[in-house]
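Contents: one structure, followed by commentary.
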Amino acid sequence: MRMKALDGWRGIGALAVCFIHLQLNGYLTSVPSLDSWILAVDFFFVLSGFVIARVYADELTDREHAAVFAVRRLGRLWPLHLFMLALFVAVELAKLAVERETGSPVGQPAFGTARDPSDILPIALFLQTVRLGPELSWNFPSWSISAEIWTYAVFALVALSTAGRSGRRAAAAAAIAIAAWIVLFVDVTGRGMISTDVFGIVRCFLGFFTGVVAEWLHRRGTFRALAGGGAEIPAMLAGIVLLWVTASQPAARYAAPLVFMLLVFAHASDRGPLSRIMATAPMQLLGRLSYSIYLTHLFLVAYVVPRLSQTVGKFLPDALALREMAVAAIYIGLVLVMSSVTWRLIELPGQRLAAKIAARIGGAQTLSSRYSRSQLEMTRL
């Protein structure tokens with residue numbers, strides 16, 4: 001149930017997003033292909049659809065189980081989301097206090113264009129994607145969490161309406177994914193597969209329900225040769241080729257859901273050579289911390305990295321490449337430390353509170369009996 005290989009890949013995807021938001025002046029963060037790494041978000045969507053379908057699809061048979069699902073998902077995602085938003089607001093308030101005391105701003109002015117106070121409540125309520133336009137503010141990677149929340153609601157409706165009929169559920173998921181792909185391909189906003197607004201929800205529909213279809217195929221034993229471990233390396237190479245081609249041919253992004261479906265399918269059984277690597281302690285640690293990595297890193301980019309770059313620059317004034325590598329290494333280290341703290345102090349307590357609430361709802365015992373608390377906590381469930 002842990003699907004250790006997928007946990008490890010989730011950690012790698014989180015680090016990829018963490019790295020592309022590190023804005024430095026040298027070669028390391030200006031490689032043309034680096035922009036393609038943003039497709040890691042679409043990998044998250046496919047992976048999330050696969051895992052959620054594996055755990056919850058058969059459980060969502062009535063309103064009580066739907067309530068359990070909603071409580072568990074909010075308990076998994078909301079606490080850290082609110083904590084990081086509050087942390088951003090606290091820093092801006094501190095900057096505002098210093099500005100009023102000294103008469104001059106500390107770095108960027110408090111509550112600037114990227115920190116609009118009017119966005120705080122919509123973001124807190126996962127509403128930042130329910131609008132048109134690419135503008136993102138505050139802890140902007142959380143747009144994908146907002147998109148997932150709305151996608152979970154659609155998934156629950158699909159599961160309830162097809163309860164006991166997994167084939168119909170898969171057909172509905174395939175129809176949603178195809179419709180979403182067509183909407184994005186028509187590209188009425190000019191952003192398509194890089195959308196982060198209401199079309200970002202459509203982008204999430206595409207990846208998530210592709211993952212739901214992949215889970216149904218995997219459960220049925222379809223494409224058994226792909227699930228036996230032998231396809232792991234070819235699937236990884238297909239992912240690398242996708243990133244490389246997308247750097248020069250942006251239209252290749254539209255193949256991402258199928259490539260990531262193959263990657264998830266190939267690793268879901270934990271049988272191949274890459275699965276053994278992903279099962280090692282360091283990779284499993286990255287998997288556990290992946291959500292924290294995803295939501296904490298921008299705080300460091302916004303408030304720590306600029307001063308860190310200045311400090312390192314004093315010691316390495318004429319070595320741009322070395323300075324950049326040093327800043328990147330320290331930054332990644334700080335992200336991991338901060339993520340370890342938020343995972344233990346914010347994520348786990350939130351999940352445990354949600355589990356207690358869910359246990360009071362009728363029908364919650366079915367899920368609890370199938371999967372232990374450690375399994376539910378250690379995966380992105």
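The values are calculated or read from the model by the stated rules, or taken from the named source; none is laboratory data. Predicted model, so just to flag it, every value in this text is computed and none were measured. Cβ placement follows ideal geometry from the backbone for every residue including glycine, while neighbour counts extend to all protein chains displayed. Please note that ligands, DNA and RNA were not included when accessible areas were found on the heavy atoms of the full protein model with its side chains. Shrake-Rupley method; radii C 1.70, N 1.55, O 1.52, S 1.80 Å.
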Answer yes or no as to whether Ala319 is farther than 18 Å from Arg73 by Cβ, among the hydrophobic types (A, V, I, L, M, F, W, C) and open to solvent by 20 Å² or more (accessible area, probe 1.4 Å).
-> yes
Lone qualifier among Arg191, Arg131, Arg168 - being under 23 Å from Ala214 (Cα atoms), of a type in the set (D, E, K, R) and open to solvent by 60 Å² or more (accessible area, probe 1.4 Å) | Arg168
Taking the range 269-310 on its own, how many of its residues are more than 25 Å from Ser340 (Cα to Cα), open to solvent by 60 Å² or more (accessible area, probe 1.4 Å) and assigned to a helix (DSSP H, G or I)?
-> 1
Candidates Leu80, Leu74, filtered to the one that is assigned to a helix (DSSP H, G or I), more than 24 Å from Lys4 (Cβ to Cβ) and modelled with pLDDT of 90 or more | Leu74
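Is it fair to say Leu34 is modelled with pLDDT under 90 and open to solvent by 20 Å² or more (accessible area, probe 1.4 Å)? Show your work before the answer.
Numbers: modelled with pLDDT under 90: yes; open to solvent by 20 Å² or more (accessible area, probe 1.4 Å): no.
Here the answer is no, as Leu34 does not meet what is asked.
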Requiring at least 3 residues that are of a type in the set (Phe, Trp, Tyr) and out of contact with any Asp or Glu (no Cβ under 6 Å at 6 or more places or on another chain), the helices (runs of 4 or more DSSP H) wholly within the range 153-246 are 198-220
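Per-residue answers, yes or no, for (1) in contact with a helix residue (DSSP H, G or I) (Cβ under 9 Å, 6 or more places away or on another chain); (2) open to solvent by 30 Å² or more (accessible area, probe 1.4 Å); (3) modelled with pLDDT of 50 or more; (4) over 13 Å from Leu289 (Cβ atoms):
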position: Tyr331; (1), (2), (3), (4): yes, no, yes, yes
position: Met338; (1), (2), (3), (4): yes, yes, yes, no
position: Gly350; (1), (2), (3), (4): yes, no, yes, yes
position: Gly362; (1), (2), (3), (4): yes, yes, yes, yes
position: Ser369; (1), (2), (3), (4): no, yes, no, yes
position: Leu376; (1), (2), (3), (4): yes, no, no, yes
position: Leu381; (1), (2), (3), (4): yes, no, no, yes
